[in-house]
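Novice: After the structure tokens below, expect a handful of questions from me.
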Amino acid sequence: MTVLALPTEPEVAAGRAAGMCQLGRIPPDLWAALLDDAKARARVHEKVYRRGPGQCHYWLGALTSSGHGRVRLRVRAASGPRPASIVVTVDMYLYQESRGLLRPLPDGSYPLIRHRCGEPSCLNPIHLAVGTTAGNRAAIAARSGAGAAADVRGAQGRAVAIRYAIMSAIAAEATPSEVEAAIAAAAADGIPAVQMGLPFPGGSELPPGDCRGDADMAAAAASPPVISVGQGELF
């Protein structure tokens with residue numbers, strides 16, 4: 001099975017190091033085909049652990065070395081020569097699904113997706129935004145004293161721990177509140193005890209994986225996404 005190789009140019013490596021995901025060299029028509037394919041969408045969504053509107057929705061599938069979700073999708077409806085399947089970053093897929101197809105910028109570069117919550121495995125569309133490498137580095141520096149940026153396990157180790165906590169709790173038929181407790185414990189395990197008492201950026205005391213202190217969340221609250229009655233479901 002053929003996989004479309006993504007470039008390893010310096011700017012791509014820098015984007016990954018800064019906790020961002022790049023569009024890469026996947027052409028827009030192929031992205032459109034993947035976004036329009038029902039089986040591709042189902043494959044992506046079935047591995048997302050969905051929570052409340054202001055909380056992180058975590059990826060339960062494969063993870064990159066930077067903690068971002070990735071998934072292999074079959075290519076079904078695209079013109080011209082195409083690989084049989086392709087590996088894509090899940091946040092890029094879901095960002096485009098919720099906001100529309102991204103295209104190259106005037107200078108020929110491709111947009112980057114950043115996570116406003118600081119959690120690379122988060123897939124809540126409200127937490128995803130287009131950004132630049134420089135802007136994302138500044139955001140990471142601002143929250144370096146707490147949260148994911150301070151986790152001694154690194155981005156991938158933190159994402160793996162949270163994924164394992166969720167999947168273990170689900171396998172044990174835990175209640176939604178018990179799953180939340182497992183997520184909180186897994187997120188806290190990699191944070192030095194002295195930092196756990198520090199407030200989140202902006203002075204708001206928010207639990208791990210919550211972005212409700214962000215100004216954009218206030219606007220989003222006016223029309224939040226529809227969440228099932230039983231929060232904490234796989235969909």
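Novice: Residue under question is Ala129, and the condition is that it be crowded, with 17+ Cβ neighbours inside 10 Å and at pLDDT below 95; does it hold?
Specialist: yes
Novice: Output yes when any residue across region 104-121 is at pLDDT 95 or above, among the aliphatic types (A, V, I, L, M), within 26 Å of His45 (Cα to Cα) and surrounded by 16 or more Cβ atoms within 10 Å (Cβ to Cβ), and no when none is.
Specialist: No: region 104-121 contains no residue that is at pLDDT 95 or above, among the aliphatic types (A, V, I, L, M), within 26 Å of His45 (Cα to Cα) and surrounded by 16 or more Cβ atoms within 10 Å (Cβ to Cβ).
Novice: Now, a different point. How do the strands (runs of 3 or more DSSP E) wholly within region 26-105 filter down when requiring 2 or more residues that are touching a Lys or Arg at 6+ places or on another chain (Cβ under 7 Å) and either polar (S, T, N, Q) or closer than 21 Å to Pro125 by Cβ (or both): which remain?
Specialist: Those strands (runs of 3 or more DSSP E) span 70-74, 85-89.
Novice: Quick test of your reading of the structure: Ala169 fulfils all but one of (1) under 27 Å from Glu46 (Cα atoms); (2) modelled with pLDDT under 50; (3) buried (at least 16 other Cβ atoms within 10 Å of the Cβ). Name the failing condition by number.
Specialist: Unmet for Ala169, out of (1) under 27 Å from Glu46 (Cα atoms); (2) modelled with pLDDT under 50; (3) buried (at least 16 other Cβ atoms within 10 Å of the Cβ): (2).
The values are calculated or read from the model by the stated rules, or taken from the named source; none is laboratory data. Every value quoted in this text rests on a predicted model; they were computed, and no experiment measured them. No Cβ is skipped: glycine too gets one built from the backbone with ideal geometry, and neighbour counts run over all protein chains shown.
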